[in-house]
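The next block holds one structure in the form of structure tokens; read it before the comments.
Quick note: the coordinates plus some simple rules give every number you see, no bench work behind them. These figures come from a predicted structure and were not determined experimentally. Positions of Cβ are generated from backbone atoms using ideal geometry, with glycine treated the same way; all protein chains shown enter the neighbour counts.
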Amino acid sequence: MNGHITGKTRVVGLFGHPVQHSCSPAIHNAAFKELGLNFIYVPFDVHPDDLAAAVHGIKAMGIVGVNVTIPHKNHAGEYLDWVSDDARMIGSVNTIHNDDGVLKGYSTDGQGFIKALESAGKSPAGSNAVVMGAGGAARATVYALVKAGASVTIINRTHERAVDLAESLNKISGIEPVRSVKLDENAKDAIVCADLLVNCTSVGMYPNIDASPVPKEWLHPGLFVFDQVYNPAETTLLREAKSAGAQGVNGLRMLIFQGALSFEIWTGIAPPIDVMESVV
Ligand code: NAP
């Protein structure tokens with residue numbers, strides 16, 4: 001926020017349940033302050049039963065837009081006037097924009113991941129990627145990787161979910177760049193041949209910080225490891241990747257870039273990434 005709240009202050013925010021531990025208010029308000037924009041970012045704890053009323057309230061109260069997080073990402077689109085192709089493809093909305101009374105839904109998850117990957121020096125185009133996980137983050141990540149020109153192997157604890165995700169994304173792309181393998185010797189072969197490994201599971205996240213989604217023997221110097229977990233900053237997977245001679249980065253910049261893309265949708269202005277990053 002820029003100084004005091006006035007009659008002209010514009011409101012953006014977050015719909016989630018719970019929202020108390022989100023770092024998004026700090027990230028966005030620091031950027032508004034830095035740019036001198038008279039905006040404020042407010043967290044709203046919206047119970048699932050109240051999602052429709054809350055989304056209609058965006059229009060009624062002239063809120064500029066909101067981020068949408070767990071457990072609303074897969075449902076918010078139902079109440080919007082328009083949903084972007086990316087958000088429709090992955091069945092998830094993480095950003096709503098009240099564009100002069102028209103409620104528009106976007107997903108910045110995949111693009112945030114790609115920007116973070118590229119800013120760490122790894123280009124997804126032409127890469128042979130392995131994605132661990134088949135939940136919401138994996139869906140956005142695999143879709144973004146395929147769109148950026150990578151081929152992807154999905155590996156998940158519950159193999160059927162990996163099969164379903166690969167099938168549904170291949171149906172969308174029509175060129176079958178996605179396959180799934182079981183978490184056995186086939187997974188080892190896939191990782192040994194890969195140049196990019198993305199962890200989209202919660203394995204290794206605080207408090208279970210000693211866990212890793214991949215045995216360390218499967219890691220190698222030709223691999224770039226992107227761990228979407230960012231708490232702790234150095235996960236066991238990233239530490240073991242470094243020991244194996246691989247490069248790696250955590251999920252913090254992905255979080256920042258996703259937020260930065262939402263900020264730009266609401267304000268039309270690119271936010272200062274370094275300021276956003278410094279408050280987390
Ligand atoms: P989700 O939809 O609940 O999916 C969770 C995934 O993790 C599933 O594939 C699940 O496998 C797997 N998993 C959970 N516990 C496991 C275990 N003990 N062993 C093996 N696999 C396990 O969650 P999500 O939204 O995709 O988020 C996944 C992770 O990504 C979270 O840690 C989240 O913090 C992180 N994330 C980071 C960012 C960022 O900006 N950096 C953005 C989004 C998400 P099953 O299918 O077998 O249950």
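Table for the structure above
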read-out	value
Cβ-placed point charges (K, R +1; D, E -1), dipole of the stretch 106-235 about Cα centre in debye, nearest 20	260 debye
Cross-link partners of Lys188 among aspartates and glutamates (Cα-Cα below 20 Å; sequence separation of 8 or more within a chain)	Glu160, Glu217, Asp227, Glu240
Cross-link reach list, lysines versus Lys33, counting only Cα pairs under 22 Å and skipping chain neighbours closer than eight places	Lys8
Contact order normalised by residue count of the chain, Cα under 8 Å, 6+ apart, percent	16 percent
The stretch 193-273: chymotrypsin sites (Phe, Trp or Tyr not before Pro) in DSSP loop, at most 10 other beta carbons within 10 Å	none
Listed pairs Lys122/Lys147; Lys216/Lys242; Lys122/Lys216; Lys115/Lys171; Lys115/Lys147; Lys59/Lys104 exceeding 19 Å between Cα atoms	Lys122/Lys216; Lys115/Lys171
DSSP beta bridge pairing in the chain, given as percent antiparallel to the nearest 5	20 percent
Test item: Cα-centred dipole of the stretch 77-134, Lys/Arg +1 and Asp/Glu -1 on Cβ, debye	320 debye
Debye equation applied to the C-alpha atoms of the stretch 148-280, log10 I(q)/I(0) at 0.09, 0.12, 0.16, 0.22 Å⁻¹	-0.32, -0.57, -0.94, -1.27
On Cα atoms only, tilt of 252-267 relative to the major axis of the chain in degrees	30 degrees
Mean Cβ count within 10 Å, highest first, over the residues of peptides 205-212, 53-60	53-60, 205-212
Acute angle (nearest 10 degrees) that the helix 159-173 long axis makes with the longest principal axis of the chain, alpha-carbon atoms	70 degrees
For the stretch 228-280: relative contact order, % (alpha-carbon pairs under 8 angstrom, 6 or more apart)	28 percent
Qualifying trypsin sites (Lys or Arg not before Pro) for the stretch 182-243 [loop in DSSP, other Cβ within 10 Å: at most 14]	Lys182
